[in-house]
Amino acid sequence: MLRIEGLSRSFGGVAALEALDLAVADGEVVGLIGPNGSGKTTLFNVITGVHAADSGRIVLRDRDITRSTPAGIVRLGIARTFQNLRIYQRMSVRENVWVAQHSLPGVGLLSGSSAAERARRAEVDRLLEAVGLADRREVLAGSLPLPDQRRLELARALVRSPALLLLDEPAGGMTPTETAEMAALIRDFAVPGRTCIVIEHKLDLISETCGRLCVLNFGRKIADGAPGEVLQQADVLEAYLGGDAPDA
Amino acid sequence: MDDIYLVTVVSNIGMISFIALSAYLLLVVGEISFGQQAFFAVSAYGSGIATAMWGWPIWLGLLWGALLAGAAALVVAIPTVRLRGLYFSVATLAFAEMVRLIFEIFTYQVEIDGELVGPDGSDGFRDIRAIYDSNVSAFEYMLIIYGLLAVVLIGFLILERSRLGAIFRMIGEDPMLTEMQGLNVTVYKILAVVMAGVVAGIGGALYAHLATYVEPKIFNVMLGVHALAYGLIGGLGTAFGPLIGVAIDIGLLESIRAISGYRMIVFGGLVALLLIVRPRGLLDEAAVHWLRGRWRELRRATH
Amino acid sequence: MVDFVQNCLDGIMLGSSYALLAIGFTLIFGVMRRLNLSYGPSIMVGAFVGTLVYLEFKANALAIAAATVVGAVIVGIYVERLCFRAIRRGAAVASMVSSFVIWMQLEEIVTVVFPDRTYPFPPLVSAAPVELGPFFFKVENLVMFACAAAMTVWLHWLLQYTRFGLALRAVSENPRAALFMGINVGAVMFLAFVIASAFGGVAAYLIVSADGQITPLFGLWATFKGLIAMMLGGMGSIPGAILGGLLLGVVEAQSIWYLGTEYRDLSAYFLLFLFLVFRPGGLMGQLAVEREQAAMRRV
C-alpha cells in the first residue's frame, strides 16, 4: 500500500526525519509514537506534500508520489487530520464536510440538486450522524468545542473514502472518556476497510485500534512490531523516559 | 430637473456597485485588491473605442469591454496570484497605476464627420455618444444598468450556494488546507481574479456610455479604495454586503446636505470605527449564518 | 556618458528624499507587520502645521521644522490608536484598509482647513548649485542626503545598542515571545510609531522646503514614493529602505532624461511590479519573505 524508503527531511540543519523506512500493507493499522519533536507530524507533512522530501522515496500503490503536489496526493486517496486542528471556522459543520468532496471525480462546480449531488449530500449527513455531530450540523464550526472539532476533522477526512487515512493525534486534548469514545469510533467506523496510520501519545487508544506499533526518535525508527513487544523494548522506554511521558 | 438628478445618482449607485462587487469577490478569496479600477478603466476605454470609433452597437461594445477587462485581469493574475496578502495588494496597486499612467499617454484618434474622436492622453476621451445617438433616455439607461446589475447579483447568489463559491471561501480562510482537499488553489484564484475583472468591466463600460467622457484621472486609486471599503462596510458574508456599503456611502451620506462638504471626513471615520467593531463588515459570515438559521425556522413555522 | 552619470547623481539626490520617507515606512512595518498607508498624509498634515506657523508667526526655520515634526507625530498617534491599536491582532488587512480611509479623511480635513490648496513653504537654504567638474549638485539635495545618512546612523545605534532597540527587535521578531519576556509590546509599538512619525516629519520638512510649496497631494506622493522605495529595498529592512530609495531615484532620473517626464511614474511602478513578481522580498528582504512563506505552510 504505502512504501517509504530512505526518507530524510531537515529544517535549518536539524534532521526531522533521517533515512526512514516504513512499509504499510493493505488494511494494516499502524500506530506511530515517539517523544515530541521525533518527526511524527513531519512524516505526515512529507507524505501529504506539505513539505518536500530532501531525499528518499514515497510510493503509494506502485506510484511514486514523492514530488506530487498536496492536491494531487489527496486525489490519489490519502486523507489526513491535523494535530493543531484545521477547520474552516467561518463555515458550518455540514459545509466543512461537504467541501471535502469538491475535488472528487465527477463533482460539478455548480451542480445544485442533481441526483448525484443529493446522494453526496446524504453521504455528508450520514458521516455527521456517525461521528455524533448530526444535531449540530448547522452550527458554525469555529464555535464547536475541541473534541467535536476533532470529530469533524475525522468526518471530513472520511467523506472522500480515502484508501489511506492519516490521523494526527485524534484524541489530543481530550478527557479519558472522550478518548475512549474516539478510540471506539476509529476502531468501529473509521478503520474498517482501509489502511491507517495513527499518531497518538495515548497508549490506550493505540492498543485499542492498532495492530502494529512503530516508534520514532530523533527522526529515526527505533522499533517496529506488535504493540505488546515494542513497548517492552529497552530503547523505547529510554526514549520515552528521556522525553515526555507516554500519556502527556 | 430633480428627476434627472435622481436618475443620475441612482445610475451612479448602480455602476459603482459593479466595481464594489468586483472588489468583494477578491475579498472573499482572501485578497485585497487596490486595483479594480484598472479593469473598470480598461473596459471604459475599450467599449468607448468600439462604439464611438468603430461604430459597434452598444451591446457588443459592453460585451467587448467586459471581455477586455477579463483578459487584462488574466494578464495580471498569472504572475501575481502566488503573492500573498500585502504583496498582492501592492502589486494590484502598481498595476492599476500603470494602467492609469498608460492612458495618460495613450492617444488613438480617427476623424469622424470632420471631428477627431478617440482617447487623447491626459485630455481624455470625449463624445462616447452611443446611447444618445440611439435615443435611449437616461431613465431607460438606468433600467439597463439595474437589469445587468440584477443579472450579476443573481450570478453571485448562485455562486454563493454552489461548490465554486464554497471553494472561494475556503481559499479565503485557509489556502493550504484547501490545497489539501485536493483543489488547485492557484487555478481557482486566477479564476476569481478574472471573474472580478469582468464584473468591474461591465461597470466601466456602462460608466463610459453614461458619462460620454472619460479621462485617466477618474480611475485613480481612490476609486479602487472606495470599491474595497464598500465590501468591508457592508460585510463579506453575502454579495448584498457591498451593495449595502454603496447605499450607505452614496445613498445616505450624499443625501444628508449638512455633511456634503465633509463627506470624506465622515465616511473615513465611519469606516475606521466599523473596522474596529466588525472587521469583516456588518453582514459578516456569522451574521449571514444567523440570518439563514432564522429564515429556515421561519419557513418551518409557516409550513 | 556625462549625461548618464549626471542622471545617476541627480537620481541619488532625488532618491535620498525617497529613502527618508521609506525609513519611517519600514520602521512601522518592521514592528507592526502591517502597512500604514496613512503615513504620507500624516506627515503632509505635519507640513501644513509648519506652513501655518510660518504664515501666522513668520517663524524661523527651526520653529517651522519643529512644528512640522510635532504635527506629524500627533497625527501619527491618532492613526496608531485608530487603525492599529484598536484593531485586534491578526486583522492586518483591516488595519491596512483602515489606514487607507483615514488617509482620505486627513486629505479632506486639510482641504477644508486650507482651501487655497497650494501654500508657500520657506526654503531651508538658498544657495547656488555646487559645481564639481562637469557635474552639478543642488545644495538642498546635499542637505537631504546628509540628513538621510545621519538619521540612518542614529537609527542603527538606537536599534543595535540601546535597551529600547533590543525590545523593538524582539517585538519585531516575535511579538508573542516578547510579551512572555515581560516586554510591554503595546508601548514598544507605540514608541516605534512615534519615532517613525518624527522621522517622517523631518523628511517632510526637508522635501517640502526644497520644493518651496506644499499641497494636499503631498500625502499621496509621499505614501507612494515611500511605499515603492520600501518594497524595492525589502519590507522591514532599514538598509533596504535606503537602497530602495536610491534605486528608485536613479531609475526615475534616467527615465525622465531618456524617455520624458510622463514616463517617470510609469517606470517607477513598472519597476515595482517587476520586483514584486520576481523578487517580492526586494533587495534586502528575500530571506524574510521565504521565512514568512515557510511559516504559512507549517501545518
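Descriptive notes on the structure:
- Counting only residues that are more than 10 Å from chain C (Cβ to nearest Cβ) and touching a Pro at 6+ places or on another chain (Cβ under 6 Å), region B:73-124 holds 3 of them.
- Here B:Ala208 qualifies as more than 11 Å from every other protein chain (Cβ to nearest Cβ), touching a residue at least 60 places away in the same chain (Cβ under 8 Å) and crowded, with 19+ Cβ neighbours inside 10 Å.
- Within the option set B:Ala150, B:Ala227, being within 14 Å of B:Ser22 (Cα to Cα) and either surrounded by 18 or more Cβ atoms within 10 Å (Cβ to Cβ) or of a type in the set (A, V, I, L, M) (or both) holds for one residue only, B:Ala227.
- Complete set of residues in region A:111-121 that are of a type outside the set (Gly, Ala, Ser) and either closer than 19 Å to A:Met174 by Cα or within 12 Å of chain B (Cβ to nearest Cβ) (or both): A:Glu117, A:Arg120, A:Arg121
- Pick from region C:71-92, criterion small (Gly, Ala, Ser) and in a helix (DSSP H, G or I), ranking: nearest to the other protein chains (Cβ to nearest Cβ): C:Ala92
- Scanning region A:19-53 for residues that are within 12 Å of another protein chain (Cβ to nearest Cβ) and of a type in the set (Val, Ile, Thr) turns up A:Thr41, A:Thr42, A:Val46, A:Ile47, A:Thr48, A:Val50.
- Within region A:146-160, residues that are among the β-branched types (Val, Ile, Thr) have Cβ atoms under 7 Å from residues that are in a helix (DSSP H, G or I) in these pairs: A:Val159/A:Val97; A:Val159/A:Ala100; A:Val159/A:Gln101; A:Val159/A:Glu123; A:Val159/A:Val124; A:Val159/A:Leu127, counting only partners at least 6 apart in sequence or on another chain.
- Residue match in region B:257-280 (condition: away from chain C (no Cβ under 12 Å), in contact (Cβ under 8 Å) with a residue 12 or more places away in the chain, farther than 30 Å from B:Gly121 by Cα and surrounded by fewer than 23 Cβ atoms within 10 Å (Cβ to Cβ)): no
- Of all residues in region B:170-180, those being within 7 Å of chain A (Cβ to nearest Cβ) and buried (at least 22 other Cβ atoms within 10 Å of the Cβ) number 3.
- Helices (runs of 4 or more DSSP H) enclosed by region C:183-278 - at least 2 residues per element that are within 14 Å of chain B (Cβ to nearest Cβ): C:218-233, C:238-258, C:264-278
Here is a yes/no grid of residues against (1) part of a helix (DSSP H, G or I); (2) more than 18 Å from B:Gly245 (Cβ to Cβ):
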position: B:Leu21; (1), (2): yes, no
position: B:Gly30; (1), (2): no, yes
position: B:Phe34; (1), (2): no, no
position: B:Phe39; (1), (2): yes, yes
position: B:Ser47; (1), (2): yes, yes
position: B:Ala50; (1), (2): yes, yes
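Per-residue answers, yes or no, for (1) of a type outside the set (Gly, Ala, Ser); (2) more than 14 Å from chain B (Cβ to nearest Cβ); (3) surrounded by fewer than 19 Cβ atoms within 10 Å (Cβ to Cβ); (4) assigned to a strand (DSSP E or B):
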position	(1), (2), (3), (4)
A:Leu17	yes, yes, no, yes
A:Phe82	yes, no, no, no
A:Glu95	yes, no, no, no
A:Leu109	yes, no, yes, no
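- Which listed residue is hydrophobic (A, V, I, L, M, F, W, C), touching a strand residue (DSSP E or B) at 6+ places or on another chain (Cβ under 7 Å) and touching a residue at least 12 places away in the same chain (Cβ under 8 Å), from C:Val208, C:Val171: C:Val208
Every read-out reported here was derived from the displayed coordinates using simple, explicitly stated rules and does not represent laboratory data. None of the values given here were measured: they were computed from a predicted structure. Quick reminder, even Gly has a Cβ in these numbers, built from the backbone with ideal geometry, and neighbours come from all protein chains shown.
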